[in-house]
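*Asks:* Okay, handing you the structure first.
Read-outs throughout are calculated quantities, based only on the coordinates presented, and are distinct from any laboratory measurement. Please read these numbers as outputs of a predicted model, since none were measured by experiment. Counting neighbours? That spans all protein chains shown, and the Cβs are built from the backbone with ideal geometry, glycine included.
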Amino acid sequence: TRKAIHRAIVWQDRRTAARCNALKNEVGIADAIRERTGLVLDAYFSATKIEWLLDQVDGARKKAECGDLAFGTMDSFLVSRLTQGEVHVTDASNASRTLLMDIRHGDWSDWLLERFRVPRAVLPKIVGSAEIVGRTKGVSFLPDGVPIAGIAGDQQAALFGQACFQKGDVKCTYGTGAFVLMNLGETPLMSRHGLVTTVAWRIAGATTFALEGSTFIAGAAVQWLRDGLGLIASASEVEALAASVPTTDGVHFVPALAGLGAPHWDQDARGLICGLTRGTTRAHLARATLEGIAFQVYDLVDAMRRDAGIPLSRLRVDGGAAQNNLLMQMQADLTGAVVERPVDLESTARGAALLAGVGAGLFGLAEASRVVQVERRFESTATGTERQAKVAGWRQAIDRSRGMHLSDPQ
């Protein structure tokens, strides 16, 4: 019927956190899941959400076992709507984020399905990210027969949209949070430094993998300066205010306003501003905020370097906060890499369009890479000694922010 049996559950929802913790207490389960999926066992992903729905909605589990229900992430939902329910698929990049796919074999894992009590009958067929999977039918705003040829997860699409087609290519999307992905080529690599391994895309039967690190708060830190503290009237003011002072004068802002994501994974961390003196001004706080964003991305890039053993010479950037020239220069100074900013910062949309073009046979990767035009390059002006001193101060601030929720008064 294509009717929902319950309201959609978004990725931020934590209702199944207790279930994940219970599984973690089973000896070896978390490691076995990570080895198969490349992911950490967390309510962030789909598996425990499906299990919750099947247990909480009357009659759902029985219907699922009979093949009368269909589960999907947003791509499955959209393809179903675009084809009047004739096509039930998901691409490999989205499937790899469910905690149910064995990324080495590229298919649903019976072992994982058993652990999470998810009947195989509800799952979509896993398809490539650039191939015609169906055609539009009965959609009011599109003619029938338009090929549906490109599907990818949000950050994977941005990686493709930045033409990061070679092993070792890295991009960072600066949105509400910050998301860094490194192309690993056709061999998955399990992170030893707090990152997750994901499918980047599958094209013509060949799977490309990526390392991914996410920080929860990036552009949202600037929004907090505006809405929470009232230090600025609009987000666009932060660059000029931060640039009005040459340094933070020793102030550090750890924007752990929702805990710390990769590579620290500390849900009990709390936001921290330290190094304050009577000479501290709102300009210093603005500059410390931008540095805090750049430091978080540095941590992700550093973890990727250590995991992959690949030096980073170039970081491609996109997303709204990438418009901030001072932030981009800070990023180049911290990473030591050339930061490349494209003319068009909406890389996810561009990646989806390029995948569709490849899937429809309009062009190949070589032609797709020429679509990306660099607007500006930022090169590091910091010495190694300066960089080390900055990172050392950041490390002290991070340590102070860790586990602060545990000591909150009850």
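*Asks:* Can you work out the Karplus-derived ³J(HN,Hα) for every residue in the range 93-103? Use 6.51 cos²θ - 1.76 cosθ + 1.60 with θ = phi - 60°, whole Hz, and x for glycine or proline.
*Replies:* 5, 6, 4, 6, 9, 9, 6, 10, 9, 7, 5
*Asks:* Further, regarding this structure: Exactly which GluC sites (Glu not before Pro) in the range 182-272 are in a DSSP loop and have at most 16 other Cβ atoms within 10 Å?
*Replies:* Working: sites: Glu186, Glu212, Glu237, Glu239; in loops: Glu186.
Hits after loop and neighbour filter: Glu186.
*Asks:* With charges only on Cβ, +1 for K and R and -1 for D and E, what is the dipole size of the range 177-275 about its Cα centre, in debye, rounded to 20? The partial results should precede the final answer.
*Replies:* Working: 4 positive and 8 negative charges, 46 e Å.
Charge dipole, the range 177-275, about its Cα centre: 220 debye, nearest 20.
*Asks:* For the chain, take the convex hull of the Cα atoms, compute a quarter of its surface area, and give me that in nm², please.
*Replies:* Computing the convex hull of the Cα atoms and averaging its projections yields 21.9 nm².
*Asks:* Over 5 Å intervals from 0, what percent of Cα-Cα pairs in the range 1-63 sits in each interval?
*Replies:* Bin by bin from 0 Å, the calculated values are 3, 17, 24, 22, 16, 11, 6, 1, 0.
*Asks:* Can you pull the three principal axis extents for the Cα set of the range 296-361, in Å, largest first?
*Replies:* Extents along the principal axes, in whole Å: 40, 29, 17.
*Asks:* When the scattering of the range 87-138 is computed by the Debye formula from its Cα atoms alone, each counted once and equally, what is log10 I(q)/I(0) at q = 0.21 Å⁻¹?
*Replies:* -0.75
*Asks:* At 0.36 nm per residue, minus the direct Cα-Cα distance, what do Ile29 and Thr381 gain on full extension? Give it in nm, one decimal, please.
*Replies:* Working: separation 352, 0.36 × 352 = 126.72 nm, distance 4.63 nm.
My answer for the length gained is 122.1 nm.
*Asks:* Return the Rg/Rh ratio of the range 271-410 with Cα-based radii and a Kirkwood Rh. If you can, show how the numbers build up before the last one.
*Replies:* On the way: Rg = 18.9 Å, Rh = 17.6 Å.
So for the range 271-410, dividing Rg by the Kirkwood Rh gives 1.07.
*Asks:* If you take the beta carbon distance between Arg278 and Glu367 as r and set R0 to 60 Å, what does 1/(1 + (r/R0)^6) give as a FRET efficiency, to the nearest 0.05? Intermediate values should be presented prior to the final figure.
*Replies:* On the way: r = 59 Å, r/R0 = 0.98.
According to the calculation, E is roughly 0.55.
*Asks:* Turning to a different aspect of this structure: What is the Rg over Rh value, at two decimals, for the range 10-133, using alpha-carbon atoms and the Kirkwood definition of Rh?
*Replies:* On the way: Rg = 14.3 Å, Rh = 14.9 Å.
In the range 10-133, Rg relative to Rh is 0.96.
*Asks:* For the range 56-203, what percent of Cα pairs sit more than 24 Å apart? Intermediate results must be reported in sequence, preceding the final value.
*Replies:* On the way: 4434 of 10878 pairs.
Percentage above 24 Å: 41.
*Asks:* Ala240 versus Ala360, label points 7 Å from Cα toward the beta carbon: distance in nm?
*Replies:* With each label placed 7 Å out from Cα toward Cβ, I get 4.3 nm.
*Asks:* Test of understanding: given the chain, find the longest segment containing no trypsin sites (Lys or Arg not before Pro) that are in a DSSP loop and have at most 10 other Cβ atoms within 10 Å.
*Replies:* 8-191
*Asks:* How many angstrom lie between the C-alpha centres of the range 1-63 and the range 210-240?
*Replies:* The two parts, judged by their Cα centres, are 31 Å apart.
*Asks:* Enumerate the lysines that Lys24 could reach by cross-link, defined here as Cα to Cα under 23 Å, with residues fewer than 8 away along the same chain left out.
*Replies:* The qualifying lysines are Lys49.
*Asks:* Would you mind working out the magnitude of the charge dipole of the chain relative to its Cα centre, with +1 at each Lys and Arg C-beta and -1 at each Asp and Glu C-beta, to the nearest 20 Debye? If you can, show how the numbers build up before the last one.
*Replies:* Working: 45 positive and 44 negative charges, 64 e Å.
About 300 debye.
*Asks:* At what distance in angstrom do the alpha carbon centres of the range 295-347 and the range 105-180 lie from each other?
*Replies:* Measuring centre to centre over Cα atoms gives 24 Å.
*Asks:* Distances over 17 Å make up what percent of all Cα-Cα pairs in the range 183-239? Could the numbers behind the result be given before it?
*Replies:* Working: 914 of 1596 pairs.
Roughly 57 percent, rounded to a whole number.
*Asks:* Pop a pseudo-label 7 angstrom from the Cα along the beta-carbon direction at both Arg306 and Asp110 and give the gap in nm to one decimal.
*Replies:* So the label points at Arg306 and Asp110 sit 3.9 nm apart.
*Asks:* Please work out the Kirkwood hydrodynamic radius for the range 182-286, using every pair of different C-alpha atoms, and report it in angstroms with one decimal place.
*Replies:* It works out to 16.4 Å.
*Asks:* Moving on to the next point. Only helical DSSP H runs with n ≥ 4 go in: add -39500 (n - 2.57) per run for the chain, normalise by residue count and round the 222 nm mean residue ellipticity to 500 deg cm²/dmol. Could you put the intermediate results ahead of the total?
*Replies:* Working: 15 runs with 150 residues, N = 410.
It comes out at -10500 deg cm²/dmol, rounded to the nearest 500.
*Asks:* Kindly state, to the nearest 0.05, the FRET efficiency for Gln12 paired with Thr187, given R0 = 41 Å and r defined as their beta-carbon distance. The partial results should precede the final answer.
*Replies:* On the way: r = 31 Å, r/R0 = 0.77.
Rounded to the nearest 0.05, the efficiency is 0.85.
*Asks:* Within the range 329-387, report the GluC sites (Glu not before Pro) that DSSP leaves as loop and that have at most 12 other Cβ atoms within 10 Å. All intermediate terms of the calculation are to be shown ahead of the outcome.
*Replies:* Details: sites: Glu340, Glu346, Glu367, Glu375, Glu379, Glu386; in loops: Glu346, Glu379.
Answer in residue order: Glu379.
*Asks:* R0 = 30 Å: FRET efficiency of Val374 with Arg226, Cβ-based, nearest 0.05? Please list the in-between numbers first.
*Replies:* Details: r = 30 Å, r/R0 = 1.00.
Result of the calculation: an efficiency of 0.50.
*Asks:* Using 10 Å bins from zero, what percent of all Cα-Cα pairs in the range 127-184 falls into each bin?
*Replies:* Values per bin, smallest distances first: 21, 36, 25, 17, 1.
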